[in-house]
Each structure stands twice: as C-alpha cells, then as structure tokens.
Protein chains: 2
Amino acid sequence: MPDTLHTNALSRLTALLGDRLVTSDADRRLHGQNETYYPNTPPDAVAYPETTAEVSEIVKICADTGTPVTPYGAASSLEGQHLAVQGGISLDFARMNRLLSVSPEDLLCTAQPGLTRKRLNEDLRDTGLFFSVDPGADASLGGMAATRASGTTAVRYGTIRENILALEAVMADGTIVRTGSEARKSATGYDLTHLLIGSEGTLGIITELTLRLHGLPEATAAATCRFPSIEDAVNCVILTIQSGLPMARIELLDHMMVRGFNRYAQADLPEEPHLFLEFHGSAAGVAEQSAAFREIAADFGASGWKEAVKAEDRNALWAMRHSAHYASAALGEGRHIWPTDTCVPISKLAEAVTWAQTRAVEYGLTATIVGHVGDGNFHVGLSVDPEDAAEMARAHDYTHALGEMALKLRGTVSGEHGIGIGKQDFMVREHGSAVAVMRAIKQALDPAGILNPGKLLPPA
Amino acid sequence: MPDTLHTNALSRLTALLGDRLVTSDADRRLHGQNETYYPNTPPDAVAYPETTAEVSEIVKICADTGTPVTPYGAASSLEGQHLAVQGGISLDFARMNRLLSVSPEDLLCTAQPGLTRKRLNEDLRDTGLFFSVDPGADASLGGMAATRASGTTAVRYGTIRENILALEAVMADGTIVRTGSEARKSATGYDLTHLLIGSEGTLGIITELTLRLHGLPEATAAATCRFPSIEDAVNCVILTIQSGLPMARIELLDHMMVRGFNRYAQADLPEEPHLFLEFHGSAAGVAEQSAAFREIAADFGASGWKEAVKAEDRNALWAMRHSAHYASAALGEGRHIWPTDTCVPISKLAEAVTWAQTRAVEYGLTATIVGHVGDGNFHVGLSVDPEDAAEMARAHDYTHALGEMALKLRGTVSGEHGIGIGKQDFMVREHGSAVAVMRAIKQALDPAGILNPGKLLPPA
C-alpha cells in the first residue's frame, strides 16, 4: 500500500468501489505514463467510478482525508494534466464513457466524460450530425473540456469552449452541480461552464457534458498544396483568414514536418512547406471557396494542388496529419517530443513562425512545425533525448524564449495544450495580477487543494 | 449631501475627481432612470472617471469606506443592472468612450467601456469590418459585456461572449487586471474573461475591451414574410435552423407586435405573424440561402415575401425592429413595458411561444411577442400600469409561470437581459446547488460586497 494514501482513505474507497479501486503496480504505472518527456508518475491508487454519485462519494472521502484526486481520461494531454504528481487517486473515467442522449432536433447531445471524440462521432453516424472539435488524439470529452482543447476545425466551428452548452461537475466538497442549460445562450449568473472549461480539474471534476453538434456539410473537399517558402505559406494563410473565407481546416506543415510524414507514413511529399485544407458547404459553396483560396494561394507561388474529395482519401489525409506527434518522433529514433503550443494574432503569424524555425536551428535543435494556423496557433515539436542534459537545457531555453516571443506579439504561450505541470512558469508572465484572482477562486472552491494539486497555478 | 455616502468617501472622491463627482438631484435622478417598470433609484453621487487609474482609485476609496459602486453605461439594461439600489456611487463611463485602436489585419479592436455599439460601427466604417453584436438599443460596450448581451445577429456571429477576446477590469480592491490576449484562443489558466462577462459588475468593473470584428459581407439581403399562424412561423424557424442555413438574422413578430409597429412606426403591415430575415455571404451564397429559406417557408404557408436589398431599406427595417420596446408601449398610452426573455432549445420553441401567447390572453394581459428565434430566444412584452396593483400581480404571476415553463423545457429564464434586480427569484430554481459556487466566488472576489450590491445573486 503506498505511503501517501492514508489507510483510512484506502479502506473507505475499497468499501465503496470494491475491485474498482486498484493499487497494482501495473495499473499505477499505466496511469503514470504520458505522451511527452515527463517521467512516469504513478498515482497511489486508481479508482474506476461508474456514476456521478460515486464520483461525489470518492471526492468526499478524499476531502475528509486530504487525499489528492486527479481526473484521468485518455491520457493524451500534453502537459501532464492527468498525472497524479502529488500522489493520491487517479480517477479513471473508463467506465463512465456512455453517450447518454442525442437530440438531433436541437443539434446537441449529452455524454459522460470518458467517452472519446471518435467514439462519439461513430455513435452519431446515422444522425447526419457531428461533433466538430478535433484535437488529433482520440481524447476523452471530459479531458478535452478540462484542458480547453481545440484542433484542426476550430477555425470554422470554434474550440470546445464554443461547443459545450452545459456541464455537470463534482466540486471539492463532493457537491454535484449543473451549469448552463440546453438553450443556445443564457445571461443568468456567473458563467461556471466556462470557468470549469480549461480549469484542468483543479476547480471541479466534470461528470457530464452537453455538447453542440453540427450538421454534416452537404459537400466536403480536402486539398493540399506546397509553397516556395514558409513565409509564402503563412502569408497565404493570413490573407485567407483576413478575407473571411470560411475555411473548415487550414493546417501548416514545414519541410521538417513533411520529412517526418514521409518517414513515418510513407507520404512521399516534396519536402517543402505545405498547407492541408478542407472546405465545407453546399456543392456550389465548396467550389466557390476552393476557387477563392486558389486565387490567393497562386499569389504566393503555390503549386502541386491535389484534391481529396472521396471520404476515404480525406480520412487518410487527416489521419496522417493527426500522426504529427509520432511523425516528429520518427525524425530521431528512440527520442521524445517536447511539444510547444504558441498562438498569436493572425497578422503576427509569419513573424512568429519564422522566428520559431530560425531559432530552433540556432539552438541546435531538431524541430518540426505544424499548426492550426487559421487560429494563429502552431506547434514546434522538439525532438529530445531526456537523458541528454545539455540538449534538454537548450530545449528549455528555446521554449522559454518562444513563450516570451508569443507574449511580446500579444499572443499566448498555449493555444490548446494548457498549463499542466509544464508551463506554470509562464502564468505570471502571461496573466500578471490576474493570477491572484485565479488563486482566490481556487482557494474559494477548493480550500484544501485536493483537486489535481500541482497543476495550472504556479506554487505561491 | 446624501445620508448613505460617508463624508469621508465624498471628500476623498471630490479631491480625486473635482467637478467630475456630481451630487446634484438632477444628475442623480437621471442615473436612477430605467427603461422598464422599476421606480427611479438615484445613486448618492455620480462619478465620471477618465482613466482606468481613476476607476481604480475610486474603487479603492469605496473599498476603504464600504461605499457601493455601480457601473453605468447607456442605461439600456432591462433588469435594472445600472441602478444603485443600495446607494453609493454611480460610475458613469461617459468620459471613457474612446475607440483606442483598430487592427484590421487581426480583425479586432480595443475600446473603452463607455463607447456605444453604434458609434463603434460608425468609427469602423472605412475599415470594411463591423462589430456584430446588436441588442437593439445603442448600448455601451461595457454594459453589453457585463450583461452578456446578444440580439438579432447572435444566430450567425455569436453573442458578446463569443466576440470578446480580452478585458481589462478593476477588481474590488482596486487592482487592475487583464484577462485574455489578442490571440484567437488560449488554454492558459482560468477563463476570467468569461467569468466577468455576464457578472453584471458584481465581480469586477470592466475598463477596456478587446473585441472581435467581422468582415462586412460581400452581399446582404433582408426580407420579410408572413405566416397563417404563429406555429407556422415558428416551425419554419425550427426547420431553417435544423437544416443548417447560416441565417444572419431571423426574427419573429406576433400579430400584436406587428400592430405595435403599425401604430408606432406606421408600418402598414398585415397584422399577422411575420419573420424578418437577413442573409449574408457572397452574391451567389445569398441567393442560394434565400432560395433555400423560401423553399422551407413555402411549406409553412408563407406569403407576402418582400426583399430589402438597398442599405437604406435594410436599415429602415431593422430600425423598426429595434423600436419593439417603444412599439409595444404604443399599444397602451402611458403604460410601461415589463419585458421577459425566455430562451429554450430550438425544438421547444413552438411549444414555448404558443404557451406564452395563449397564457398572456388567459391572464388578461396585453402582450407582444418578438424574438431572436434562431437562438430559441423570445421576448413577451407585457403592457403594464405600475399603479394598477391587480394588473401588476397578474403580470408577476404570468412571468413567474413563464420562467418555470422555460426551465421545464430545459431552457433559461434569460437569454440576454440578465438577472439584475428582476430575476433573482429564479437563480436557485435555474441553477440549484451551483448558486452556492457563485456565492463563494463573489465572496472570494468582493468580500465586502461593494461591487454593484443587490444584483444577480439573491439575498442569502
């Protein structure tokens, strides 16, 4: 039995959950894994609740005994948000993964937090509707809400912030609350829905989500093209967004990212900067958008236009795009990826991307660049060996300078990955005196600090 | 000198502001007015700050002396949010009404809270951009943010919630904070921007706003048509929204509202249910949308299709629509309007509107119905005489039943007007245990309760 988990808490949790409270080394280590360079951080025990009432009981026991509780979905978060860094309970939503209801007539559905976005879209297949938020990984909906996820389609359909109507959550004392309603909008009271979204499980544990759905577009076309330079590609994106073209997806890949795809996914693409695109609308609308985009792209020297209209071709394209994390890793055998998540105002994008690419070379780092550039968001993926202290120090210095650059350009150090354990150093730099307001809210809602401690807010 | 304002506070505020701290009866009474049936509620004094630093100093003096401070914009709020119901200072942003900067290349601008939305759009005229949120009244931007305003175009462009990127605010201890950034999205820390939006000045005082702008559509067409029954009109709306048509505006008027427009604005419309519409897009897109809508409308017996394509004709149409409050009042000379603000899931709209219309007649009330029905939001405007106690009691009972009906249909008692002093009875009914969370946040951020006391949260 782990040291840090009180005997009292363990016996009460076991009485509540039976064999759904697991303390085996294997399961603890599994829950200590992550996709990036953080070391394995096992919790003391893993709880598998089946109902909101059970989550509430678990949190009450944790509150009584001062036991940390860290929500766990698909473990695809990139800043260690799901890691129980102060021990305690990993609250795994694997058994709360059901689609509870679909209201096609209201373009919404209600789901449990452990359901993943791909499963949700499979379940919706016969409704003519889809859930738009697509962070790449097959993330859990609860995790996506908690980390304020977005991804490739946010440029058209918004981030998860714009696609959640209501939440159910368990607060630090075990109280179950409901926020929002099924109406499209409301002006009644403080916006607790948006306060919980992005709070990384530190203010409340999301136990149910009411999500906005969108009608499948009448027509969809994907396309790729390449540019003579990364500046040309980015300037094409800037003009496209400024001109108001309703892009469904507009993704940048630098030549290193293309090389990664060639190695990892046998893509056989010319190793030049590319844009991957998607258009949604009526058949005429898609044709109009595509033509308008190509006119802009031509001014920036675009070539190699290839369309993917059939569903399987489009799916293959986006599956490749979504493998960027692993494709970046493929550039160096056995190496890990240190992901970054800069987001700047669209007019600053060329400056930011050029800076990022040039400086990575200067720092002697192997890096890919890929991004949801329609939102001004791009990821530098640094290939690192956690055992190589000198390289890790260079990566640290680079990411620090990258964050400072984003803030100088009036942007943010994280467009979608969040703070977790990896970006706390930036909180005061980005938010200044507002961090004290955040601390006051955390203190008011979780005075004992049992909800996902060690995340989001820097140590006082 | 008013009783409730400490001599100490008054002398310190006068030292700070000179003749910009006003205690004349005339100015106090002016700041006690409102658009609806609430009695005049003058503050003890009116402060006219010119800078954020001055707002901070004012709040510090109020904090020191326990003086309530109530932000004041254009006084167009409909639930008395701007009324100093516990006395103290009315903080009038008339002198903080500048457009500070416009970044056409980033589709955003930064403005002071006293700037009104119409002035903003006049200032933006040469940029090809516009600020989309249109609550009808020429509201101040600070007031719109504080009350989570929306209006006719929210169905396409979102409410103010989706159109604010960043805020500056003065907290209850005078601290100046900045929330958000100029990036389109961010996942760094608690969403204080959305916490302040809709908080009605009870958590912080907004002193600067960074707003999203939209490109003026290449083509715009407005249109009106009428329906045999209100059910037909509403069912047409429901199918239009469910089919995903990107309506820029879709407004319902019942026959009583049309009668009001005929009297107030000499509209000369047949006194039948109408929809007022607007389409935005490319020329081809607008034609396509308009044709698709007319096909749906024909199935519900629409007739009398009239288009308004020229800007002056469209402006005249929407100016009339925006006079709904006064047109409702025109149905009974010298009477006041008791506005309501139901918002329900779109599939429940026909049930809700029919209920509202039928019951108003049963309660013996004169009522108009008008609404942003694409969002499921509609306003019953009750014509009342505040001196007629029996009628006021019927109006109270009706609005109470209307709110209960909205909640039963999984909607909200207020889509856009807010809680203010008028809807606090509904807070626990709508939000249940979440009200305790809201109270904890209020207590944490404004422990002395000086920020707009008596609003939003019901008495403990």
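Miscellaneous remarks
- Here A:L21 sits with roughly 20 square angstrom of accessible surface, probe radius 1.4 Å.
- Probe 1.4 Å - accessible area at A:H255, Å² to nearest ten: 60 Å²
- Residues within the reach of a label modelled at B:R125 (point 7 angstrom out along Cα to beta-carbon, backbone nitrogen below 19 Å), restricted to the stretch B:307-348, are B:310-319.
- Largest accessible area first, the listed residues B:K408, A:K185, A:K310 line up as B:K408, A:K310, A:K185 when surface is computed with a 1.4 Å probe on the assembled protein chains.
- With R₀ fixed at 30 Å, the C-beta to C-beta distance from A:N40 to A:E404 puts the FRET efficiency at about 0.50.
- Seen against the Cα atoms of chain B and their longest principal axis, helix B:349-362 is set at about 80 degrees.
- Close amide H pairs (under 5 Å, H built 1.01 Å from N) link B:D341 with B:V380, residues at least 5 positions away or on another chain.
- Computed helical MRE - 222 nm, chain A, DSSP H runs ≥ 4 contributing -39500 (n - 2.57), nearest 500: -10500 deg cm²/dmol
- The residues of the stretch B:189-204 listed by number as losing at least 30 Å² of accessible area in the complex, against the isolated chain and with a 1.4 Å probe, are B:G189, B:Y190, B:D191, B:L192, B:H194, B:L195.
- Size of charge dipole - chain B - debye, nearest 20, with Cβ of Lys, Arg +1 and Asp, Glu -1, no other charges: 540 debye
- Backbone amide hydrogens, once placed in the peptide plane, bring B:L108 within less than 5 Å of B:S103, B:L213, excluding anything fewer than 5 places away on its chain.
- At 7 Å out from Cα toward Cβ: A:D173 inter-copy label distances (nm, ascending): 2.3
- Derived scalar couplings between HN and Hα for the stretch B:256-261 equal 5, 5, 4, 4, x, 5 Hz in order, rounded to whole Hz, by the Karplus curve 6.51 cos²θ - 1.76 cosθ + 1.60 (θ = phi - 60°), x for Gly and Pro.
- Chains B and A together, accessible area buried on both sides, 1.4 angstrom probe, square angstrom: 5800 Å²
- Length-normalised contact order of chain B in % [C-alpha pairs under 8 Å, at least 6 apart]: 15 percent
- Burial order of peptide ranges A:101-113, B:422-434 (average beta-carbon count within 10 Å, highest first): A:101-113, B:422-434
- Summary for A:G301: label point 7 Å along Cα→Cβ; distances to the equivalent points in the other copies, ascending, 6.5 nm.
- Rounded to the nearest 0.05, the FRET efficiency derived from the C-beta distance between B:Q266 and B:S24 at R0 = 41 Å is 0.60.
- Here the protein assembly as shown is treated as a sphere whose radius is the Kirkwood value from Cα pairs; by Stokes-Einstein at 4 °C and 1.567 mPa s it diffuses with a coefficient of 45 µm²/s.
- Note on the stretch B:175-316: along the principal axes its Cα atoms extend 57, 37, 30 Å, ordered by decreasing extent.
- Evaluated at q = 0.10, 0.18, 0.20, 0.21 Å⁻¹, a Debye calculation over the C-alpha positions of the stretch B:369-460 (equal weights, vacuum) places log10 I(q)/I(0) at -0.33, -0.95, -1.08, -1.13.
- Label-point separation, B:E50 to B:E362 (7 Å along Cα→Cβ), nm: 5.9 nm
- Ligands, DNA and RNA left out, the accessible area of the stretch B:7-94 computed with a 1.4 Å probe is 49% carbon and sulfur.
- Per-residue mean of foreign Cβ neighbours for A:429-441 is 6 (Cβ atoms of other chains, 10 Å radius).
- 3J(HN,Hα) along the stretch A:93-107: 8, 4, 9, 10, 10, 9, 7, 7, 6, 10, 10, x, 5, 10, 6 Hz, from the Karplus curve 6.51 cos²θ - 1.76 cosθ + 1.60 with θ = phi - 60°, whole Hz, x for Gly and Pro.
- The stretch B:219-408 - Rg over Rh from alpha carbon coordinates, Kirkwood radius: 0.98
- Positive-end residue, the protein assembly as shown charge dipole about Cα centroid, Cβ charges, pick of B:A298, B:P68, A:A84: B:P68
- Across the stretch A:280-321, the residues whose backbone nitrogen lies under 13 Å from the label position 7 Å along the beta-carbon direction of B:A292 are A:280-287.
- Per-residue accessible area (protein heavy atoms, 1.4 Å probe) orders B:D299, A:D313 as B:D299, A:D313, starting from the largest.
- Of all lysines in the structure, those lying under 17 Å Cα to Cα from A:K442, and not within fewer than 8 positions of it along the same chain, are A:K455, B:K442.
- Cα Rg over Rh - the stretch B:97-215, Kirkwood: 0.94
- Between the stretch B:161-204 and the stretch B:71-91, the alpha-carbon center distance in angstrom: 20 Å
- Protein accessible area in the stretch A:97-215, 1.4 Å probe - carbon and sulfur %: 43 percent
- Accessible surface of the stretch B:219-408, 1.4 Å probe, proportion on carbon and sulfur as whole %: 51 percent
- Measuring heavy-atom accessible area with a 1.4 angstrom probe and counting protein chains only, the residues of the stretch A:260-297 that give up at least 10 Å² relative to the chain alone are A:S282, A:A284, A:E288.
- For the stretch B:219-408, the per residue solvent-accessible surface stands at 38 Å², with DNA, RNA and ligands left out and a 1.4 Å probe.
- Complex-versus-alone comparison for the stretch A:338-366, residues with a loss of 30 Å² or more in accessible area, probe 1.4 Å: A:P345, A:S347
- From phi via Karplus (6.51, -1.76, 1.60), per-residue ³J(HN,Hα) for the stretch A:184-198 in Hz, x at Gly/Pro: 4, 8, 7, 10, 10, x, 5, 7, 5, 4, 6, 5, 6, 5, x
- Chain B: angle of helix B:311-322 to the longest principal axis, Cα-based, in degrees nearest 10: 70 degrees
- The mean count of C-beta atoms from other chains within 10 Å of the C-beta of residues in B:93-105, rounded to a whole number, is 1.
- Summed side-chain charge close to B:L21 - residues other than B:L21 whose Cβ falls under 14 Å, Lys, Arg +1, Asp, Glu -1: -3
- Solvent accessible area, Å² - B:D388, 1.4 Å probe, full protein context: 60 Å²
- Here A:R95 and B:R429 are evaluated by their C-beta separation; at R0 = 30 Å the FRET efficiency comes out at 0.35.
- Listed residues B:H194, B:V177, B:L99: farthest to the positive end of the dipole of the stretch B:97-215 (Cβ charges): B:H194
- Other-copy label distances relative to B:A460, 7 angstrom Cα-Cβ extension, nm: 2.2
- Working value for chain B: equivalent-ellipsoid semi-axes of 37, 26, 20 Å, each the square root of 5 times a Cα gyration tensor eigenvalue, largest first.
- Solvent exposure of the stretch B:97-215 amounts to 26 Å² per residue of accessible area, where only protein heavy atoms count and the probe is 1.4 Å.
- In nm, spacing of pseudo-spin labels at B:W305 and B:L16 (7 Å Cα→C-beta vector): 6.0 nm
- Cα-based helix-to-principal-axis angle, A:389-408 vs chain A, degrees rounded to 10: 80 degrees
The values are calculated or read from the model by the stated rules, or taken from the named source; none is laboratory data. As the structure is a prediction and not an experimental result, all values here were calculated from the model. Cβ coordinates were reconstructed from backbone atoms using ideal geometry, including for glycine residues, and neighbour counts include every protein chain displayed. All accessible areas refer to the heavy atoms of the entire protein, side chains included, with ligands and DNA or RNA removed. Shrake-Rupley method; radii C 1.70, N 1.55, O 1.52, S 1.80 Å.
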